[in-house]
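What follows is a set of notes on a single structure, which appears directly below.
The numbers here are math on the coordinates, done by the rules we state, and not lab data. All values reported here derive from a predicted model rather than from experimental measurement. A quick note on method: Cβ atoms are made from the backbone with ideal geometry, for glycine too, and the neighbour counts reach across all protein chains shown.
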Amino acid sequence: METKQCAKCKEAKALSGFYPTAGGGYRSQCKECEIAGVMERERRRRGTFRQKCVAALDNSRHRTRKVEAETGRHIENTLTLAEVMLIFAAGECMYCGTTLDPKELTLDHVIPLREGGTNTTENIVAACKRCNCSKGERPAFYYVWKMQNPRSAKKLFGTLAMRQNTHPTTIMRELRQQAQEYGNGKGGAAQ
Ligand SMILES: [Zn+2]
Ligand SMILES: [Zn+2]
């Protein structure tokens with residue numbers, strides 16, 4: 001019986017214990033080692049994802065307490081790790097739709113903390129760093145409107161409606177109202 005030594009576990013195994021390559025040969029590691037490798041990478045990837053979520057959660061809680069101290073306003077701060085994992089799970093920015101690795105995504109407060117927003121799943125979406133930066137302290141509706149991006153606006157309203165168990169139109173009205181107040185306060189109306 002023809003055998004081949006696995007480059008990983010160093011065991012000599014029958015050729016049937018290796019995956020064939022397109023070129024007619026066999027891969028250097030045995031099937032068991034390859035599968036173990038895939039599972040290890042997957043385990044590490046999930047660990048990284050969880051770490052990223054923990055860090056984002058900590059950061060959001062910290063920022064909330066900071067704004068609370070600065071403004072003297074009590075801010076609801078009930079976001080959980082499971083919710084952050086769910087928010088990042090889709091792996092895309094709510095505003096521009098770019099698909100990104102979770103470590104490139106940030107948590108964005110739809111209504112900024114300083115503008116009356118809360119640190120809860122009802123007020124948080126995933127955003128790429130670029131969108132989060134350029135949105136800054138502006139309310140989401142204001143930002144989406146500036147971007148002239150009806151698709152991401154629709155997605156945003158739909159996502160928040162699902163989380164708040166209400167209708168997208170209700171969310172749209174609330175956010176528009178909020179953006180108008182913001183716009184008036186900053187000397188530039190949001191519509
Ligand atoms: Zn092996
Ligand atoms: Zn983006």
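Give me the number: length gained by fully extending Asp101 to Tyr19, i.e. 0.36 nm times residue separation minus the C-alpha to C-alpha distance, one decimal in nm. Mind showing how you got there, number by number?
Numbers: separation 82, 0.36 × 82 = 29.52 nm, distance 2.95 nm.
Computed gain between Asp101 and Tyr19 is 26.6 nm.
Mind telling me which of Gly17, Gly116, Gly158 comes out most flexible in a GNM of the chain, alpha-carbon contacts under 10 Å?
Gly17
Given Lys8/Lys52; Lys31/Lys103; Lys52/Lys135; Lys66/Lys103, which pairs have Cα atoms separated by over 27 Å? Display every interim value, and only then the final one.
Numbers: Lys8/Lys52 31 Å; Lys31/Lys103 31 Å; Lys52/Lys135 22 Å; Lys66/Lys103 23 Å.
Lys8/Lys52; Lys31/Lys103, as the Cα separations exceed 27 Å there.
Tell me, what ³J(HN,Hα) does each residue in the range 83-93 have, in order and in whole Hz, if you take phi through Karplus 6.51 cos²θ - 1.76 cosθ + 1.60 with θ = phi - 60° and put x for Gly and Pro?
5, 4, 4, 5, 5, 7, 4, 5, x, 9, 6
The range 46-108: which GluC sites (Glu not before Pro) are DSSP loop and have at most 15 other beta-carbon atoms within 10 angstrom?
Details: sites: Glu68, Glu70, Glu76, Glu83, Glu92, Glu104; in loops: Glu76.
Those satisfying the criteria are Glu76.
Could you give the size of the charge dipole of the chain about its Cα centre, using +1 on the Cβ of each K and R and -1 on the Cβ of each D and E, expressed in debye and rounded to the nearest 20? Walk me through the intermediate numbers first.
Numbers: 32 positive and 20 negative charges, 75 e Å.
Result for the chain is approximately 360 debye, rounded to the nearest 20.
For the chain, list log₁₀ I(q)/I(0) at each q in 0.16 Å⁻¹, using the Debye formula over Cα point scatterers of equal strength and ignoring solvent, two decimals each.
Rounded to two decimals, the profile gives -0.96.
Towards the positive end of the charge dipole of the range 3-185, with charges on Cβ (+1 Lys, Arg; -1 Asp, Glu), say which of Cys6, Leu175, Val125 has the farthest Cα.
Cys6
Taking amide H positions as placed 1.01 Å from N in the peptide plane, with prolines and chain starts having none, which residues 5 or more places from Glu92, or on another chain, fall under 5 Å of its amide H?
It is Leu100, by chain and number.
Where in the range 67-102 does the amide nitrogen come within less than 18 Å of the point 7 Å from the Cα of Val38, taken along Cα to Cβ?
No residues fall inside that zone.
For the chain, build the charge dipole from Cβ charges (+1 Lys, Arg; -1 Asp, Glu) around the Cα centre, then report which of Thr159, Gly23, Gly72 sits farthest towards its positive end.
My answer, from the dipole projection, is Gly23.
Using the count of nearby Cβ atoms within 10 Å as a rough guide to exposure, how do Met172, Met39 rank from fewest to most?
Numbers: Met172 18, Met39 10.
With the fewest neighbours first, Met172, Met39 line up as Met39, Met172.
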